[in-house]
Structure formats: C-alpha cells, structure tokens
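Chemist: Following this message is one structure expressed as structure tokens.
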Amino acid sequence: MLKAIKRFFGERPSGQEAKKRMQFVLMHDRLDLTPDMMEALKNDILTVLSRYMEIDTNSIKVDFEQGKEYTALVSNVQVKRVLRRPECTR
Amino acid sequence: MAGRTIVVTSGKGGVGKTTTVANIGTALAKKKHSVVLIDGDIGLRNLDVVMGLENRIVYNLVDIIEGRCRKEQAMIRDRKLGNLCIIPAAQTRDKDSVQPEQMKRLCEELAEEFDYVFIDCPAGIEQGFKNAVAGAQLAIVVTTPEVSAIRDADRVIGLLEASMLRDVHLIVNRLNDRMVKKGDMMSTEDIVALLAIPLLGIVPESEDVVVSTNRGVPLVHDRSSRAGAAFQGIAARLNGEDVPVHNGRELGFRDFFRKLFTGQ
C-alpha cells in the first residue's frame, strides 16, 4: 500500500532505477581505458586537431568527467596558431 | 572430431556457476553425449558435493597436472550416467599450483575423448579465472538480476574479450517473474541490453535448486521442475537444437502436465 502511494507520487519502480544506475556504472567501468589506449586516443585527437591548427603536443590533457546524467570526455589543448587554410578537404 | 570446451564464469561468487555446470553437463549426458566437468575452483571445491560425488574422490586436478596420477584415475563417474564424469579440484592447494598453459593442454587432451568439456570457473578475476579460461573455446557468463552480479559480469565479459575469447553467452539465473512484473527486478531484456551479449537462457528462481543440491542430484533429473526444464533448454541450445528462449519461463509445471496428458 505504502509502495502504491509512493509510486503515485512519482517514485520509479526499483527495477527501472537499477537499470538506469547500471547503464551509468557500466559505462564508467568500461571507460577505464588502459594507458596504451589512452595514449592512442590522445594521439588520434592530436592528429585530427593538427589538420586545422598548430598545437602544443605536450599540453594535451584528456579526462573523463562524471556528471549526474552523463559522462563527458574533456580535453584541453593549447593552440599555438590557427592555420589559415586547413589541410582538411571535407 | 574434437569436443567443445566451455567455461562457465561470472565474476561474482554465489550466482550459480556450479549449479549451472552440474545441470547443463548432466542434461547433455542425458542426451547421450560424453561429458566431463572440471572443477576449476582450487582450494574451494564444490562441484563434487553438488553432483553428490564427494565420497569418491581419490585424486584431483592438481594431481593430474603434477603427474601424480593419470587423468582417468582422477575422473569420478556419475552415479546415474556412465558417460558423465567430473574432475574435482584440489582442496588443500592454492590457485597458483596450476598454470594456464597446463590447463589448456589438459582441456585439449580431454576434448579428444569427450564431446563436451566444462570448466567451473572460480569467482574473481585472478589466477583461477585465467586458468579456467585458458583452454576454453566458448564462455558462458552467469548473472543474477542484481546490480553487483551484473557489474561483475560486465567486467568478466571485458576480460574474456581481451583474452581473445569472443564466443560469450549469457545465462540469467534466479529470475523472479513476479518481481519483474511488479517492476521491482530488472527484466531479462534490460540485462541483455546492458551486457550486450547473446542470451543463452533464463533460469527462474526456484526452491528446487536448494533441494537438489541438498540431495546432490542435479535438477535436470527432476522432470517437474521449471528450473530443471530451463537448464535442459539451455543444454539443447548449446547442442545446436532450435529451442526458443521463452520470456522468463521455459517448460513449466502446467506444460509438463499438458505433455503428460496430450503427449505433445
């Protein structure tokens, strides 16, 4: 009965709550990249960025940020100079 | 033709790995396949008691690996089925007494003689897990619909894929239909969506499991048990038979009576 009242006032069934929490937890667990993969990711980001601008390759930082409802990849790179004509054709 | 080597694993302990190995193995043996079940949990053996064979142990897995006996001497034949046997784990040794390479070689040798070689993997992801997985071609991950079991299952799936074992299937154990209907348990669909591996079967939560382990007689011998029927369905699917996975229930009590009276 108490449960029915709680549901009426908008409490999610616990199964749904478990599912939501697990989606979040598993994503975070899986993001636990190995140092090698992290390095590869950094290099790939650098390669793409350097098509558009000259960057300080030593300054790159890649982190995962945990929000309440999302996981974000946050990367900081120092830009030295923006290329006038990007080497990207697309 | 060489047999198939299958590891049953979960990450978390107590989700039903040993029960699963005992029941699928017995179900396949009942279908006339030759089956050997290896208890990979060195130091904490249990497959022997679940199978009701604890009184017959003389030699064990470590004795075979260290050459103190021939592998035939360590195999214990099932009480009912002549084509089913187990290799018990050593109880007084630790997991480091076996190396993955040795386990792999043993599995290969056994696969020459048997249609199915099952390895009951210990909980955890350390040495015992690595040994158990080393010789397997296919992995079955067992989980229950609880957050801790699912999280550990996901870790294990990641490790299996990293160790080049790509053929990984899921069993959802102890599913409670009533709680799923009320919304108080994750459904099989939810779990499959989270773990993203193919579903091999669903085993309903059942008191029969406790009774069967109390007696040391696998559930698949009990023709009226829903959980037993679920394990039979899983065995059939593993064997390549086209048996559909029902939504949370396999052959049930009512189906059993219908079968009894109508013969279909």
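Chemist: Report the FRET efficiency, 1/(1 + (r/R0)^6), for residue B:164 and residue A:24, where r is their Cβ-Cβ distance and R0 is 35 Å, rounded to 0.05.
Modeler: Values: r = 29 Å, r/R0 = 0.82.
Step by step, r from the Cβ atoms, then E = 0.75.
Chemist: Out of residues 5 or more away from residue B:119 or on other chains, whose amide H comes under 5 Å of its own, with H placed 1.01 Å from N in the peptide plane?
Modeler: B:6, B:7, B:8, B:38
Chemist: When the chain is fully extended, how far beyond the present Cα-Cα distance does residue A:74 get from residue A:4, taking 0.36 nm per residue of separation?
Modeler: 21.0 nm
Chemist: Right, something else. Within 10 Å of each Cβ in B:80-91, how many Cβ atoms from other chains are there, averaged over the peptide?
Modeler: 0
Chemist: From Cα coordinates alone, what are the radius of gyration and Dmax values for the protein assembly as shown in angstrom?
Modeler: For the protein assembly as shown, the Cα-based Rg and Dmax read 24.6, 84 Å.
Chemist: Residue farthest toward the positive end of the dipole of chain B, with Cβ of Lys/Arg at +1 and Asp/Glu at -1: which of B:5, B:139, B:206?
Modeler: About the Cα centre, the residue reaching furthest to the positive side is B:206.
Chemist: In a solvent-free Debye calculation with one equal scatterer on each Cα, what is log10 I(q)/I(0) for the stretch B:72-111 at q = 0.16, 0.24, 0.27, 0.28 Å⁻¹, listed in the order of the q values?
Modeler: Here the Debye-derived log intensity ratios amount to -0.53, -0.96, -1.04, -1.06.
Chemist: What does the charge count near residue B:118 come to, summing +1 for each Lys or Arg and -1 for each Asp or Glu among other residues with Cβ under 12 Å from its Cβ?
Modeler: -1
Chemist: Oh, and also: What percent antiparallel are the DSSP beta bridges of the protein assembly as shown, to the nearest 5?
Modeler: Values: 11 of 39 bridges.
Antiparallel: roughly 30 percent of the beta bridges in the protein assembly as shown.
Chemist: With a cut-off of 20 Å, note down the residues of the stretch B:92-112 whose backbone N falls inside the zone around a label point 7 Å from the Cα of residue B:66 toward its beta carbon.
Modeler: In the stretch B:92-112, the label zone of residue B:66 (backbone N under 20 Å from the point 7 Å along Cα→Cβ) covers B:92-107.
Chemist: Compute the long axis of helix A:14-30 from its Cα atoms, compare it with the longest principal axis of the Cα atoms of chain A, and write down the angle in degrees, 0 to 90, nearest 10.
Modeler: It is inclined by approximately 20 degrees.
Chemist: Okay, moving on. Around residue B:192, what is the net charge, scoring Lys/Arg as +1 and Asp/Glu as -1 over all other residues with Cβ under 14 Å from its Cβ?
Modeler: Details: positive: A:19; negative: B:154, B:189, B:190.
In short, -2.
Chemist: Using a Cα distance threshold of under 28 Å, what count of lysine pairs results for chain A when pairs must be 8 or more residues apart or interchain?
Modeler: Number of lysine pairs found: 12.
Chemist: Let me ask another. Per-residue ellipticity at 222 nm for the protein assembly as shown, helices alone: DSSP H runs ≥ 4 residues times -39500 (n - 2.57), over residue total, nearest 500 deg cm²/dmol? Let's see the in-between values first.
Modeler: Values: 15 runs with 149 residues, N = 354.
Dividing the helical sum by the residues of the protein assembly as shown leaves -12500 deg cm²/dmol.
Chemist: Taking loop as defined by DSSP and a crowding limit of 13 other beta carbons within 10 Å, which chymotrypsin sites (Phe, Trp or Tyr not before Pro) in the stretch A:5-45 fit?
Modeler: In loop regions of the stretch A:5-45 (DSSP not H, G, I, E or B), the sparsely surrounded chymotrypsin sites (Phe, Trp or Tyr not before Pro) are A:9.
Chemist: So how tilted is helix A:35-49 from the main axis of chain A? Cα-based, degrees 0 to 90, rounded to 10.
Modeler: That helix lies at roughly 60 degrees to the long axis.
Chemist: If you count, for every residue in B:174-181, the Cβ atoms of partner chains within 10 Å of its Cβ, what is the mean?
Modeler: 1
Chemist: Find the centroid of the Cα atoms in the stretch B:83-136 and in the stretch B:196-210, then give the distance between the two in whole Å.
Modeler: 23 Å
Chemist: Write down the percent of antiparallel bridges among all DSSP beta bridges whose residues are both part of chain B, to the nearest 5.
Modeler: In chain B, approximately 5 percent of DSSP beta bridges are antiparallel ones.
Chemist: Using +1 at the Cβ of each Lys and Arg and -1 at the Cβ of each Asp and Glu in the stretch B:54-105, identify which of B:102, B:83, B:73 lies farthest towards the dipole's positive end.
Modeler: The Cα lying farthest towards the positive end belongs to B:83.
Chemist: I need the peptides A:28-38, B:48-58 ranked by packing, meaning the mean over residues of other C-beta atoms within 10 angstrom, with the highest value on top. Working shown, then result.
Modeler: Working: A:28-38: 11.0, B:48-58: 17.4.
Top of the packing list down: B:48-58, A:28-38.
Chemist: Moving on to the next point. Report, as an integer, the average count of C-beta atoms from other chains found within 10 Å of each Cβ along A:16-29.
Modeler: Mean number of neighbouring Cβ atoms from other chains: 5.
Chemist: Report the FRET efficiency, 1/(1 + (r/R0)^6), for residue B:208 and residue A:49, where r is their Cβ-Cβ distance and R0 is 45 Å, rounded to 0.05.
Modeler: The computed FRET efficiency comes out at 0.15.
Each value in this text was obtained by applying a stated rule to the coordinates, not by laboratory testing. What you are looking at is a predicted structure, and each value in this text was computed from that prediction instead of being measured. In this analysis, Cβ positions are derived from the backbone assuming ideal geometry, glycine residues included, and neighbour counts consider all displayed protein chains.
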